Amino acid sequence: ISQLQTPPWALVNGELVPYTDVKIHIGAEALTRALSVFEGVKGYWDTAGEVFSIRTPRRHYDRLRRSASLFHIPVRFSYDQFLAGLEKLAGELLVTDKDLWFRPTMYVTHGHWGEATEADLVVTAFSQRKLDPDPMRLGVTSWRRASDLVLPTRVKSSANYVGARMARIEVRRLGYDDAIMLNDAGRVAEATGACVLMVQRGRIVTPPTSESCLDSITVDILEEVAKELGMPFDRRPIERTELLAADECGLAGTISELTLVSELDGVEYDQTGLLAQLRQRYLELMRGDLVLPGVELAPLADVSRQLL
Ligand code: PMP
């Protein structure tokens with residue numbers, strides 16, 4: 001995926017607008033106080049390349065509402081309108097050999113310090129080739145993930161990415177692909193755009209959101225899948241050296257799916273264990289090749305019915 005793509009269209013409050021014409025005023029609180037909340041939603045083609053579906057729209061709508069509500073941003077669109085917007089944009093931008101990643105963002109356009117707040121819902125979408133990503137090499141950054149008392153970290157707000165950007169720049173200069181960010185207590189929080197999973201003695205472990213990580217939809221789904229498959233899955237704090245000493249490590253997120261990590265600060269991980277299996281099951285589930293009763297997803301063909 002690259003957000004450097006220039007697609008022909010974006011969707012602004014339900015209307016198609018040429019991508020390069022979408023504007024925001026310099027005085028908008030989205031710019032003056034970083035007041036924007038967003039989602040990353042992925043739509044998948046099935047394996048045969050015949051049916052394109054968005055499997056998790058409800059989960060993303062609910063989290064967007066939670067993010068907006070925390071920042072006192074009114075949400076003036078229903079779930080049905082949200083979904084119809086994604087489908088409308090997909091109808092314009094979808095190509096047969098690529099999946100699509102949507103970025104619905106609520107930008108605060110009017111209001112001041114929480115008075116008379118109004119936000120636009122802008123949805124952009126970018127094509128993603130269906131390639132297997134290489135395992136990632138990570139380094140621990142010296143930048144910390146904000147604590148819940150400084151900036152809400154559970155929800156998805158643009159402000160959180162100021163620190164993430166610093167972290168990514170720091171470790172990329174050192175030759176790594178991405179950073180592990182620690183929280184203010186020095187324990188593992190997450191990567192710059194994904195959550196962290198490790199395997200220790202046959203158990204999959206990830207930090208709870210109280211460790212300053214995003215309330216990840218992918219982690220929820222992976223937990224549901226792991227439970228269905230009988231893989232032990234725990235949410236508990238993880239120390240830095242525990243992660244370094246783990247057997248396996250992976251990054252979980254809508255874009256990352258479950259990307260394996262090959263090394264952290266020069267320490268190598270097994271790439272053939274539980275996380276590799278979990279990754280396969282997750283992709284089969286998204287593309288409709290696997291159905292698990294304990295994992296609730298939107299039905300296949302929700303979107304392509306209207307496109308084809
Ligand atoms: N943490 C951060 C900082 C992220 O940007 C993302 C990607 N949205 C995640 C975690 C994973 O969240 P999700 O599974 O909901 O995509």
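The values are calculated or read from the model by the stated rules, or taken from the named source; none is laboratory data. The shown structure was predicted, so the numbers you read here are calculated from the model rather than taken from an experiment. Here the Cβ is made from the backbone with ideal geometry for all residues, glycine too, and neighbour counts use every protein chain on show. All accessible areas refer to the heavy atoms of the entire protein, side chains included, with ligands and DNA or RNA removed. Shrake-Rupley method; radii C 1.70, N 1.55, O 1.52, S 1.80 Å.
Name the pairs: first residue in the range 196-209 and on the phi > 0 side of the Ramachandran plot, second residue outside any loop (DSSP other than H, G, I, E, B), Cβ to Cβ under 8 Å, at least 6 apart or on different chains?
If the second residue must be outside any loop (DSSP other than H, G, I, E, B), the pairs left are GLY202/LEU274.
Could you list, in sequence order, all residues of the range 140-151 that are buried (at least 21 other Cβ atoms within 10 Å of the Cβ) and assigned to a strand (DSSP E or B)?
Listed by number, the list holds a single entry, THR141.
Tell me the strands (runs of 3 or more DSSP E) entirely within the range 192-255 that contain at least 2 residues that are open to solvent by 10 Å² or more (accessible area, probe 1.4 Å) and away from the ligand (no atom under 11 Å from the Cβ).
By residue number, 233-235.
Where residues in the range 161-178 are within 11 Å of the ligand (Cβ to nearest atom) and buried (at least 21 other Cβ atoms within 10 Å of the Cβ), which of them is farthest from LEU35 (Cα to Cα)?
Once the filter is applied, the top-ranked residue is ASP178.
Say we look at the range 54-72 and pick out the residues that are within 25 Å of THR117 (Cβ to Cβ) and of a type in the set (S, T, N, Q); which of these is most open to solvent (accessible area, probe 1.4 Å)?
Checking each candidate, the answer is SER69.
Does the range 115-130 contain at least one residue that is under 30 Å from GLU263 (Cβ atoms), open to solvent by 30 Å² or more (accessible area, probe 1.4 Å), outside any strand (DSSP E or B) and not hydrophobic (A, V, I, L, M, F, W, C)?
Looking for residues that are under 30 Å from GLU263 (Cβ atoms), open to solvent by 30 Å² or more (accessible area, probe 1.4 Å), outside any strand (DSSP E or B) and not hydrophobic (A, V, I, L, M, F, W, C), one finds at least one in the range 115-130, hence yes.
Hey, could you check the range 10-53 for residues that are farther than 17 Å from THR105 by Cα and surrounded by 19 or more Cβ atoms within 10 Å (Cβ to Cβ) and say which is farthest from the ligand (Cβ to nearest atom)?
Per the criteria, the residue is VAL51.
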